[in-house]
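*Asks:* Have a look at this one.
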Amino acid sequence: MTIPEAHQILQKIDVEKADQIQKRTLDYTAKFAKVQWESVKKLRKELETDCGLSEEEAVELINIMPKSIEELRTFTSGWRKLLSTETLEKILKILH
């Protein structure tokens, strides 16, 4: 689940009745969501279909929203597959 999706779910709880963890998580998701939740589904689908990413990989990139090839390589280097520069450029185009 992406941070914007988690934030959308947490906004539905009554903050007065929420426990400390729920309040902290709501605050975290509000601060660190990099895109609106409405666009998450489209971004994830494009990353999966156009770039061959798994759902987990797409979610990771949506949560981080890297801005350069170098930053993107930092995160994708831990994956068990090597992505071409062309694919990385396509990913950045989708994300921005």
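A quick yes/no check of all residues on (1) touching a Pro at 6+ places or on another chain (Cβ under 7 Å); (2) of a type outside the set (Gly, Ala, Ser); (3) assigned by TED's automatic domain parsing to the domain that holds Lys42:
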{"position": "Ala58", "(1), (2), (3)": "no, no, yes"}
{"position": "Leu61", "(1), (2), (3)": "no, yes, yes"}
{"position": "Pro66", "(1), (2), (3)": "no, yes, yes"}
{"position": "Leu72", "(1), (2), (3)": "yes, yes, yes"}
{"position": "Phe75", "(1), (2), (3)": "yes, yes, yes"}
{"position": "Trp79", "(1), (2), (3)": "no, yes, yes"}
{"position": "Thr87", "(1), (2), (3)": "no, yes, yes"}
{"position": "Lys90", "(1), (2), (3)": "no, yes, yes"}
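*Asks:* To continue, here is another question. Restricting the search to the stretch 15-67, which residues are of a type in the set (Lys, Arg) and surrounded by fewer than 16 Cβ atoms within 10 Å (Cβ to Cβ)?
*Replies:* Across the stretch 15-67, the qualifying residues are Lys17, Lys23, Arg24, Lys31, Lys34, Lys41, Lys42, Lys45, Lys67.
*Asks:* Go through (1) loosely packed, with under 11 Cβ neighbours inside 10 Å; (2) in contact (Cβ under 8 Å) with a residue 60 or more places away in the chain and name the single condition Ile3 misses.
*Replies:* (1)
The values are calculated or read from the model by the stated rules, or taken from the named source; none is laboratory data. Just so it is clear, the structure is predicted and the values come from calculations on it, not from any experiment. Note that each Cβ is placed from the backbone with ideal geometry, even for glycine, and that neighbours are counted across all protein chains shown.
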